[in-house]
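Just so it is clear, none of the values below were taken in a lab; they were calculated from the coordinates. Note that the coordinates shown come from a computational prediction; the quantities given were computed from them, not determined experimentally. Don't worry about glycine lacking a Cβ; one is built from the backbone with ideal geometry, like all the others, and counts go over all protein chains shown.
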Amino acid sequence: RYTQKQIDKHKRQKYIAQLEKTGKNLFRMFRDGEVDASDFVAKFTRLKEKQSADEMIPLDMEYYRELEAYIDHLYSQTVSHDHFDNEKLDLIREREMGNLNRLQKLKNSNAYKKTKHKSKHAQEWNA
């Protein structure tokens, strides 16, 4: 009933939405001082399982590749680590909020670029 292209697009959108949801939830958990290490690990594990349940899609945009790599790296540093406790969560909280903010800036920077007209204007100025 659906073409393969439509199915691929749907899978891609679903995977990207799950990545962004994971990123936003991580930021909320880091920002909320009430979240302790056990809550963080439980929720991050659930989010990662949902992400892993979806078929892994190759991503073109730099932001999504960086976000995916960041989530995998953070997961290995925290949840996969045997001795992750409240003290370690408090140590990484500010740094990881900064990293997530940097990723958001990377996403937003692409929204303001107008590169498709840049070469035309450069030719007009040089003529």
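Structural size metrics of the chain, computed from C-alpha coordinates, are Rg and Dmax of 18.8, 65 Å.
Applying 1/(1 + (r/R0)^6) with r as the Cβ-Cβ distance of Lys9 and Val79 and R0 = 35 angstrom yields a FRET efficiency of 0.70. The order of the peptides 2-11, 62-71 by mean Cβ neighbours within 10 Å, most packed first, is 62-71, 2-11.
With K and R counted +1 and D and E -1, the other residues having a Cβ less than 14 Å from that of His73 yield a net charge of 0. Full extension of the segment from Tyr2 to Asp54, taken as 0.36 nm per residue of separation minus the current Cα-Cα distance, would add 16.8 nm.
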